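Contents: one structure, followed by commentary.
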Amino acid sequence: MYNRRKFIKISAAGASLAALSTSKIARATILNQAAGFPIVISTWDFGIIANKEAWKTLEKGGRALDAVEAGVRIPEADMKNHTVGRAGYPDRDGHVSLDACIMDEFGNCGSVAAIEDIAHPISVARLVMEKTPHVMLVGAGATQFAVEQGFKREKLLTPESEKAWKEWLKTAKYSPVMNIENKQHAPGNQYNHDTIGMLALDAKGNISGACTTSGMAFKMRGRVGDSPIIGAGLYVDNEVGGATSTGVGEEVIRNVGSFLVVELMRQGYSPEDACKEAVKRIIKKKPDTAKEIQVGFLAINKKGEYGAYAIQKGFSFAVCNAEKQDLLVPGKSFY
Ligand code: ASP
């Protein structure tokens with residue numbers, strides 16, 4: 001959990017909180033210290049509206065699982081969000097293919113990867129968890145399952161996404177490039193690739209998580225990132241806590257990032273320190289690659305303490321609890 005010193009340090013680093021008056025900082029700090037539960041946290045600034053939706057379930061004493069599913073459906077449905085859900089940018093062949101997974105307090109999990117023509121992959125992932133003996137369905141099989149479950153089959157490529165893809169094709173040499181938030185002029189930067197990972201701790205003290213994305217813009221057809229991979233993009237152990245990730249999925253998969261963060265919390269690390277250690281693991285293995293990429297982790301423990309850490313500056317996460325519904329915290333970073 002953030003103590004006052006830490007919180008003020010974070011606030012000083014973050015432009016988004018720079019305008020807060022001293023009294024507001026002090027108030028936010030007190031709320032953080034007393035975070036407890038219920039509470040919901042999620043990646044990036046679009047996490048604020050997603051958290052608000054999740055909160056509707058949590059404030060009524062509802063289940064964390066229902067909260068995270070409802071929460072991440074907001075960015076999934078947002079026609080202006082080109083990194084999650086129905087308006088996501090397509091792969092390099094022009095197909096919108098989505099990844100999502102969900103995990104509950106009993107260790108149940110469900111996932112879909114490279115699913116096409118279905119707007120809410122998180123809800124399909126939940127049904128994979130609840131209605132099949134499997135954890136993961138991919139590609140055409142995932143779409144087939146969704147249609148069988150009553151989901152509408154629809155073409156997802158929006159005119160804006162199509163335009164951006166065609167623009168990209170002109171100069172891309174058919175090679176996808178991940179953006180880095182702190183490199184304004186990096187190739188691909190305008191095609192932001194952020195994922196929503198959400199973790200909730202409900203009034204009963206149970207944790208669930210959800211993660212959903214359109215993945216890397218203009219990726220190779222069939223490419224799957226970390227987001228639908230249990231243990232990589234998301235992991236929940238109700239005895240310990242939960243973690244989720246955003247950024248270059250390949251590096252998260254290589255390090256089984258979210259599982260690592262949860263296991264570090266089991267060993268006594270705070271959520272922030274566990275995220276930092278996982279980031280350092282990625283950097284240590286590939287120091288040259290790490291300088292050029294972004295990965296961020298977000299974690300929560302059973303007490304409702306939370307924290308995050310990223311390779312590069314620019315990562316932020318949203319927090320929502322009884323006291324404050326729209327807190328945006330700039331994540332600390334290695335570089
Ligand atoms: N982690 C996602 C992926 O690799 C993308 C992101 O979060 O930016 O597909």
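The values are calculated or read from the model by the stated rules, or taken from the named source; none is laboratory data. Remember, it's a predicted structure, so these values are computed and weren't measured experimentally. Cβ placement follows ideal geometry from the backbone for every residue including glycine, while neighbour counts extend to all protein chains displayed. Areas reflect the complete protein model, heavy atoms only, side chains present, ligands, DNA and RNA absent. Shrake-Rupley method; radii C 1.70, N 1.55, O 1.52, S 1.80 Å.
Most tightly packed first, judged by the mean number of other beta-carbon atoms within 10 Å of their residues, the peptides 137-144, 45-52, 88-95 read 45-52, 88-95, 137-144.
Excluding residue 195 itself, what net charge comes from residues whose Cβ is under 12 Å from its Cβ, given Lys and Arg +1 and Asp and Glu -1? For residues surrounding residue 195, the net value is -4. Pairs of Cα atoms nearer than 8 Å and 6+ residues apart set the relative contact order; for segment 36-158 it is 18 percent. The largest accessible area among 272, 292, 277 belongs to the first residue in 292, 277, 272, and the rest follow in falling order (1.4 Å probe, all chains). The heavy atoms of residue 153 present about 150 square angstrom of accessible area, all protein chains included, probe 1.4 Å. For residue 235, the solvent-accessible surface computed with a 1.4 Å probe is close to 40 Å², ligands and nucleic acids excluded. For the listed peptides 245-251, 57-63, a ranking on the average number of other beta carbons within 10 Å per residue, highest first, reads 245-251, 57-63. Sorting the segments 76-83, 210-217, 222-229, 309-316 by their mean number of nearby beta carbons within 10 angstrom, highest to lowest, gives 210-217, 222-229, 309-316, 76-83.
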